[in-house]
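The structure under discussion appears below in the form of structure tokens.
The values are calculated or read from the model by the stated rules, or taken from the named source; none is laboratory data. Everything quoted here is computed from the prediction, not taken from an experiment. Cβ placement follows ideal geometry from the backbone for every residue including glycine, while neighbour counts extend to all protein chains displayed.
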Amino acid sequence: MADTVQFDLVSPERLMASVQAREIQIPGAEGNLTAMADHSPLITTLRPGILKVSGPEGDLEFAVTGGFAEINASGVSVLAEQAIPRGEMTQDTFKALVDVATDKLAKAQETFVNEPGPVDDAAKLLADMVAMGDEIGLTAH
């Protein structure tokens, strides 16, 4: 069994990380999961949260707002809608992300009156965004 796995994190702007990792904690849409070497193949969507990578060269953390993760024999690839290194996440940056999620909820409530699906999805996005802030010590206000 290999001790590490290749991990790549890509955002629309750039390649954020390409490292060997012992474990990757992924904020999956269906719940958190940890990928390690020899993990079963899996593709999952991401929810807003903190992606944590532990490897021989140290630990990395990224705030992600959504996207996809693919786990296979060659490694773990995360395609994030937006990824911000944890050290670069400021109160202002976090508030801007929450404001976008709040606007999406307001538009969904306006557009989809009496249609709970899209409104529920937008409310979940906002709740996940606020929970991410709580995890890293930032507030939505």
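Here are a few things to note about the model shown:
- Condition met for residue 80 (in contact with a Ser or Thr (Cβ under 8 Å, 6 or more places away or on another chain), closer than 19 Å to residue 136 by Cα and either modelled with pLDDT under 95 or in the same structural domain as residue 18 (by TED's automatic domain parsing) (or both)): yes
- Of all residues in the range 94-128, those that are in contact with a Leu (Cβ under 6 Å, 6 or more places away or on another chain) and closer than 14 Å to residue 66 by Cα total 3.
- Conditions (1) at pLDDT below 95; (2) in contact with a helix residue (DSSP H, G or I) (Cβ under 8 Å, 6 or more places away or on another chain): number failed by residue 62: (1)
- For first residues located in the range 1-28 and in contact (Cβ under 8 Å) with a residue 60 or more places away in the chain, partners that are among the aromatic types (Phe, Trp, Tyr) and assigned to a strand (DSSP E or B) and lie 6+ apart or on another chain with Cβ distances below 7 Å form the pairs 9/62; 16/62.
- Just so you know, in the range 53-102 the residues that are hydroxyl-bearing (Ser, Thr, Tyr) and under 14 Å from the mean Cα position of the chain (by Cα) include one that is surrounded by the fewest Cβ atoms within 10 Å (Cβ to Cβ), and it is 77.
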